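Below you'll find the structure, written out as structure tokens, and then a few comments.
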Amino acid sequence: MERLKPVDVVVIGGGFTGLLMAKELATRTSVSVVVLERGPDRQLLDYMDDMDEVDFSLRFRMMQNISEETVTHRHTTANRAVPVREWGHVRLGTGTGGSGEHWTGVANRYPEDTFIIKSALKERFPASRIPADLSVQDWTLTWKDIEPFYTRVEEMMGIGGKAGNLQGRRIDGGNVFEGPRSKEYPVRPHLQSYAMTVFEKAARELGYHPYINPAATLPADYTNPDGISRPACQYCSYCMLYGCMIGAKAQPTNLLLPILKEKKTFTLRNGCWVRKIVHRDGRAEGVEYRDENGREIFQPASVVVQATFTSGNVRSLLLSKIGTPYDPATGRGTLGKNFTHQMSGGGNALLVYPTKLNAFMAAGGQGMAFSDFDGFNQLDPDANILRGGTFTGGGGGGHPIASFGTTPPGTSARNWGSAWKQAAIEHNDRTGGGPGFSAEHLSYRHNFLDLDPTYTDKWGDPLLRTTIDWTDHERRMRDFSAKISDRMAEEMARVSGAKIHHRPAATTGRRSGRYQTAAYATTHLHGGAIMGDTPADGVVNTYLQHWDVPNLFVIGASAFPHAGPTNPTMTALALTFRSADALIERYLKNPGKLV
Ligand SMILES: Cc1cc2nc3c(=O)[nH]c(=O)nc-3n(C[C@H](O)[C@H](O)[C@H](O)COP(=O)(O)OP(=O)(O)OC[C@H]3O[C@@H](n4cnc5c(N)ncnc54)[C@H](O)[C@@H]3O)c2cc1C
Ligand code: SF4
């Protein structure tokens with residue numbers, strides 16, 4: 001094995017969190033930073049060549065090659081896990097920028113009480129209402145601790161939105177249920193499409209408080225505090241699963257790389273697949289990896305930052321034998337504990353509008369939402385659920401191939417032939433659903449991550465095994481969301497003159513049964529290396545520093561003790577900023593445990 005010259009910091013993973021940490025280190029200190037990224041190099045200009053829908057959306061050009069590495073899944077410890085062989089429930093990225101390149105750009109903060117979930121549930125419900133196997137815990141920080149970091153992320157990305165709670169003042173048109181924010185969004189919200197106006201009108205008629213989704217797809221030209229200028233979105237709609245060809249969507253390649261490339265202390269090595277962290281006596285000594293030619297290399301480093309998304313982070317710690325693997329039978333150990341996957345739901349309505357929607361013109365994240373059912377808001381006692389979530393809709397983004405062919409039930413017995421073609425053309429760009437639902441996934445003792453005893457990756461290292469299933473609580477959440485969504489759909493039909501149809505659940509992607517890996521949900525996985533106040537209840541401390549190995553930082557949504565109701569990236573990056581501050585301002589000056 002070749003041994004390289006030591007560096008100050010090695011970052012494993014060149015995705016959103018890894019490159020943000022590298023940018024903070026490279027711009028605020030003189031330490032040498034090497035980022036090891038297993039996938040190919042990527043630049044903004046790469047996206048100018050083509051946006052071939054088949055290649056990107058159907059063949060998943062930007063995703064991890066799952067013939068080289070995947071995860072295995074089982075519902076319970078009584079089952080045998082099998083490998084996920086097709087891109088299904090998640091779409092993990094690879095290459096410079098990671099999933100941060102092909103993400104959609106929905107840019108929500110979590111609600112204020114997310115961070116004190118255990119205390120909030122305890123205060124609200126008698127012990128008899130809390131499921132026995134719930135393993136939620138308060139995060140190691142509160143709204144006050146994280147709010148300034150959310151603001152930094154929003155300013156870095158140029159999030160377009162409208163405040164609904166500015167320093168305690170509620171403002172109609174924003175999310176009036178959000179935690180108090182110290183500043184207005186840096187950029188105005190997105191323009192409203194016709195479908196968004198229908199959503200807004202219907203929501204207001206029903207007494208809800210709709211707002212335009214905050215989005216990382218710039219509604220107007222913007223220059224961020226780092227001096228990075230990006231142009232306004234052109235509403236081309238090729239956002240999710242694509243990199244933005246003009247740089248309007250906030251991505252590591254347009255926000256972070258241009259700064260990093262100017263720094264002599266920074267090196268990005270692509271094609272470098274890290275296999276383990278080498279450590280001795282409670283100190284990380286560096287990492288072992290294979291380069292693009294398959295050579296085995298050891299990179300010594302004074303500090304190691306693990307930034308390989310939730311699944312990669314947990315797997316790397318398990319492969320490196322750092323920390324105590326979680327045992328669901330005894331509840332002992334923390335590594336792999338509290339694995340969650342953001343919940344989604346909604347109804348089965350299909351609206352056929354009297355006019356064309358022009359849905360091909362849209363931006364990632366553009367759409368409407370209401371948070372009237374977030375957290376404990378308006379919980380229906382009959383629904384028997386502990387937490388609610390956010391309803392969203394009105395977003396466009398139809399691509400010519402993927403969005404073609406939606407027809408109302410009963411129009412055509414099959415999805416081929418001349419009758420179907422005629423119906424598909426007639427309904428093209430005129431259909432839409434009721435609101436979707438995204439909700440908290442509480443953590444349970446039985447949902448966890450460990451190493452698979454049977455299956456390995458291309459190097460022969462065990463795959464990550466996911467053991468996860470929905471419980472009756474999530475199934476009841478879905479039923480609750482279907483009721484609200486269907487009520488909204490009726491109202492949307494009334495205000496727009498659309499015709500409403502109710503589709504069988506199986507055709508809508510609404511999954512009310514078991515957790516499944518076949519259909520796409522979100523790439524929002526959390527937990528497994530969670531933050532905790534003590535080594536007994538967390539893998540990392542509140543600064544994402546490993547409890548047992550102080551010169552190891554494990555960043556990303558792996559640190560979330562449970563899944564908040566909306567998308568995770570703003571929270572993951574806010575925690576990365578906070579971790580970077582602690583590393584730079586305290587650890588580098590006085591290496592040791594941060595308390
Ligand atoms: C299709 C899609 C849509 C999304 N939309 C949204 C959204 O609208 N809003 C939102 O908040 N979030 C969204 N997300 C999630 C968002 O992309 C992630 O939260 C974010 O990218 C996480 O950053 P990360 O650094 O943890 O992981 P990533 O950005 O994925 O980076 C991890 C990097 O680590 C590298 N890596 C992994 N293993 C190794 C190894 N062994 N050695 C070296 N390198 C390795 C990977 O190749 C990758 O580049 C979306 C994700 C997807 C896939
Ligand atoms: S919709 Fe806007 S942000 Fe998205 S890829 Fe097109 S121009 Fe870029």
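The values are calculated or read from the model by the stated rules, or taken from the named source; none is laboratory data. These numbers were taken from a predicted model, which means no experiment stands behind them. Backbone-built Cβ (ideal geometry, glycine too); neighbour counts: all protein chains shown.
Got a number for residues in region 13-43 being among the aliphatic types (A, V, I, L, M) and closer than 22 Å to GLU292 by Cβ? Steps first, answer last, please.
Taking region 13-43 as the starting set, the residues that turn out to be among the aliphatic types (A, V, I, L, M) are 19-22, 25-26, 31, 33-36.
Keeping just the survivors that are closer than 22 Å to GLU292 by Cβ gives 19, 22, 33-36.
Adding up the residues that qualify gives 6.
Within region 360-384, can you find the residues that are surrounded by fewer than 22 Cβ atoms within 10 Å (Cβ to Cβ) and either charged (D, E, K, R) or part of a loop (DSSP other than H, G, I, E, B) (or both)? Let's see the steps before the verdict.
Here is the first cut: in region 360-384, the residues surrounded by fewer than 22 Cβ atoms within 10 Å (Cβ to Cβ) are 360-361, 372, 376-384.
Passing the criteria: PHE360, MET361, ASP372, PHE376, ASN377, GLN378, LEU379, ASP380, ASP382, ASN384.
For region 251-269, which positions are within 15 Å of ligand 2 (Cβ to nearest atom) and among the hydroxyl-bearing types (Ser, Thr, Tyr)? It would help to see each step written out before you state the result.
As a first pass, look at region 251-269 and keep what is within 15 Å of ligand 2 (Cβ to nearest atom): 251-255.
THR253, the sole residue that qualifies.
When you go through ALA248, ALA232, ALA216, ALA220 one by one, which is the residue that is within 16 Å of ligand 2 (Cβ to nearest atom), without any contact (Cβ under 8 Å) to a residue 24 or more places away in the chain and aliphatic (A, V, I, L, M)?
Numbers: ALA248 fails: without any contact (Cβ under 8 Å) to a residue 24 or more places away in the chain; ALA216 fails: without any contact (Cβ under 8 Å) to a residue 24 or more places away in the chain; ALA220 fails: without any contact (Cβ under 8 Å) to a residue 24 or more places away in the chain.
On inspection, the qualifying residue turns out to be ALA232.
Criterion first (of a type outside the set (S, T, N, Q) and within 16 Å of ligand 2 (Cβ to nearest atom)) does HIS399 satisfy it?
On the way: of a type outside the set (S, T, N, Q): yes; within 16 Å of ligand 2 (Cβ to nearest atom): yes.
In short, yes.
Which is of a type outside the set (A, V, I, L, M), in contact with a His (Cβ under 9 Å, 6 or more places away or on another chain) and surrounded by fewer than 24 Cβ atoms within 10 Å (Cβ to Cβ), of ARG578, ARG514, ARG503?
Values: ARG578 fails: in contact with a His (Cβ under 9 Å, 6 or more places away or on another chain); ARG503 fails: in contact with a His (Cβ under 9 Å, 6 or more places away or on another chain).
Step by step, each of ARG578, ARG514, ARG503 is checked, and only ARG514 is of a type outside the set (A, V, I, L, M), in contact with a His (Cβ under 9 Å, 6 or more places away or on another chain) and surrounded by fewer than 24 Cβ atoms within 10 Å (Cβ to Cβ).
When you look at ASP291, is it without any contact (Cβ under 8 Å) to a residue 24 or more places away in the chain, within 16 Å of ligand 1 (Cβ to nearest atom) and either in contact with a strand residue (DSSP E or B) (Cβ under 7 Å, 6 or more places away or on another chain) or farther than 23 Å from ALA580 by Cβ (or both), yes or no?
Working: without any contact (Cβ under 8 Å) to a residue 24 or more places away in the chain: yes; within 16 Å of ligand 1 (Cβ to nearest atom): yes; either in contact with a strand residue (DSSP E or B) (Cβ under 7 Å, 6 or more places away or on another chain) or farther than 23 Å from ALA580 by Cβ (or both): yes.
Against the criterion (without any contact (Cβ under 8 Å) to a residue 24 or more places away in the chain, within 16 Å of ligand 1 (Cβ to nearest atom) and either in contact with a strand residue (DSSP E or B) (Cβ under 7 Å, 6 or more places away or on another chain) or farther than 23 Å from ALA580 by Cβ (or both)), ASP291 qualifies.
Any residue in region 305-314 that is within 16 Å of ligand 2 (Cβ to nearest atom), part of a loop (DSSP other than H, G, I, E, B) and touching a strand residue (DSSP E or B) at 6+ places or on another chain (Cβ under 7 Å)?
No - not one qualifying residue is present in region 305-314.
Between residues in region 407-429 that are farther than 18 Å from ASN348 by Cα and residues that are surrounded by fewer than 13 Cβ atoms within 10 Å (Cβ to Cβ) and small (Gly, Ala, Ser), which pairs lie under 9 Å by C-beta distance while being six or more apart or on different chains?
What qualifies is ALA419/ALA413; TRP420/ALA413.
Identify all residues within region 73-106 that are among the β-branched types (Val, Ile, Thr) and either at pLDDT 95 or above or within 12 Å of ligand 1 (Cβ to nearest atom) (or both); write none if there are none.
Going residue by residue through region 73-106, those that are among the β-branched types (Val, Ile, Thr) are 76-77, 82, 84, 90, 94, 96, 104, 106.
Listed by number, the residues that qualify are THR76, THR77, VAL82, VAL90, THR94, THR96, THR104, VAL106.
Could you grab me the full set of residues in region 110-166 that are β-branched (Val, Ile, Thr) and in contact with a His (Cβ under 9 Å, 6 or more places away or on another chain)?
Let us first name the residues in region 110-166 that are β-branched (Val, Ile, Thr), namely 114, 116-117, 130, 136, 140, 142, 146, 151, 153, 159.
Answer for region 110-166, where residues must be β-branched (Val, Ile, Thr) and in contact with a His (Cβ under 9 Å, 6 or more places away or on another chain): THR114, ILE117, VAL136.
From (1) assigned to a helix (DSSP H, G or I); (2) within 16 Å of ligand 1 (Cβ to nearest atom), pick out the condition that doesn't hold for VAL198.
Among (1) assigned to a helix (DSSP H, G or I); (2) within 16 Å of ligand 1 (Cβ to nearest atom), the lone unmet condition for VAL198 is (2).
Any idea which of (1) without any contact (Cβ under 8 Å) to a residue 12 or more places away in the chain; (2) loosely packed, with under 13 Cβ neighbours inside 10 Å; (3) farther than 30 Å from PRO83 by Cβ is the one PRO400 doesn't satisfy?
(1)
Among the residues of region 251-273, what is the count of those that are assigned to a loop (DSSP other than H, G, I, E, B), in contact (Cβ under 8 Å) with a residue 24 or more places away in the chain and of a type in the set (Lys, Arg)?
1
Mind listing whichever residues of region 495-512 are assigned to a loop (DSSP other than H, G, I, E, B), in contact with a helix residue (DSSP H, G or I) (Cβ under 8 Å, 6 or more places away or on another chain) and at pLDDT 85 or above?
Here is the first cut: in region 495-512, the residues assigned to a loop (DSSP other than H, G, I, E, B) are 497-498, 503-504, 508-512.
Next, from what is left, pick out any that are in contact with a helix residue (DSSP H, G or I) (Cβ under 8 Å, 6 or more places away or on another chain): 498, 510-512.
Correct list: ALA498 only.
Can you spot a residue in region 344-354 that is surrounded by fewer than 23 Cβ atoms within 10 Å (Cβ to Cβ) and within 18 Å of PRO462 (Cα to Cα)?
No, that holds for no residue.
So, in region 517-574, of the ones that are away from ligand 2 (no atom under 16 Å from the Cβ) and part of a helix (DSSP H, G or I), which residue ends up surrounded by the most Cβ atoms within 10 Å (Cβ to Cβ)?
In the first step, residues of region 517-574 are kept if they are away from ligand 2 (no atom under 16 Å from the Cβ); the result is 517-566, 568, 570-574.
Of the ones still in play, those that are also part of a helix (DSSP H, G or I) are 557-559, 570-574.
Working: ALA557: 25, SER558: 33, ALA559: 30, MET570: 24, THR571: 26, ALA572: 26, LEU573: 26, ALA574: 23.
Taking the candidates together, the pick is SER558.
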